[in-house]
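Below you'll find the structure, written out as structure tokens, and then a few comments.
A short reminder: the numbers here are calculations on the coordinates, not readings from a lab. Treat the numbers as computed from the prediction; the structure is a model and nothing was measured. All Cβ positions, even for glycine, are placed from backbone atoms using ideal geometry, and neighbour counts span all protein chains on display.
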Amino acid sequence: MSGTKTFPGKLVSLEGGEGAGKSTAMQFLADRIAARGVEMVRVREPGGTPAGEAIRAVLLDPQFKGLDANAELLLMFAARAQLVSQVIKPALERGAVVLADRFTDASFAYQGGGRGIDEAFIAELERRVVGIKPDLSLLLDVPVEAGLARVRGRGGEQDRIETEASSFFERVRGAYRERAAREPQRWRIIDASQTVEGVQAQLGRALDGFFGEANA
């Protein structure tokens, strides 16, 4: 793993903007990893622990629409710190594959790109609070308007983040793509505008290639 310590396990993260199809992709990845006969631990951000789920409820609640950007960032890292110490690190130490629905890159995209918080500040929190990076990050990339149309098509109440303007999500998408361009060895960009079958084919190739390289 890229970070301050090497673990016998592997951390795989799935990233993407709103309406990118993460839920369907997560299930596909979980099934694909489980088929390899290895222990898999599936987590989500924010959340994954009792404390993290309580923080998630605050972060997504529309009544907190005016939440300060720094407060949002620090809440994200509070949930993440608990998840890393309570779930992720123990799993990696025993050799499991951890599949994460978002990880620290989401803070660089949403709070950095979207909210305009200084990237250096987020990087310092990453170093001090998290201390690890994914071994493989999969970015579900879809044009913003297409993704938002999918969100609206689901019906129901939108959460606090989903109510942001499209310009916010354009900045989020740009930040994700920039991070992927900086670290091509870690990232795989998946064209999420394709059919479910097309997306899954890309995910399968990326995952198989990663595990093939990891076992080489």
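May I ask you to list, by number, the DSSP H helices of the chain whose Cα span along the axis is at least 15 Å and whose average Kyte-Doolittle hydropathy reaches 1.0 or more? Helices meeting the criterion: 50-60. By the helix-only formula, in which each DSSP H run with n ≥ 4 contributes -39500 (n - 2.57) and the sum is divided by residues, the chain has a 222 nm mean residue ellipticity of -14000 deg cm²/dmol.
Shape class for the chain: oblate, because the ratio a/c of the largest to smallest gyration tensor axis (alpha-carbon atoms, square roots of eigenvalues) is 1.5 or more and b/c is at least a/b. Using R0 = 25 Å, the C-beta based FRET efficiency linking GLU53 and ARG127 works out to 0.45. Model label sites at THR195 and GLN158, defined 7 Å from Cα along the beta-carbon direction, differ in position by 3.0 nm. Taking a ≥ b ≥ c as the square roots of the Cα gyration tensor eigenvalues, segment 105-216 comes out oblate, since a/c reaches at least 1.5 and a/b does not exceed b/c.
Extension gain, SER166-ARG182: 0.36 nm per intervening residue step, less the Cα-Cα distance, totals 3.3 nm.
Shown for the chain: lysine pairs separated by 8 or more places, or found on different chains, whose C-alpha atoms are under 20 Å apart, numbering 7.
Each Cα pair under 8 Å and six or more residues apart adds its separation to the average, and for the chain the resulting relative contact order is 33 percent.
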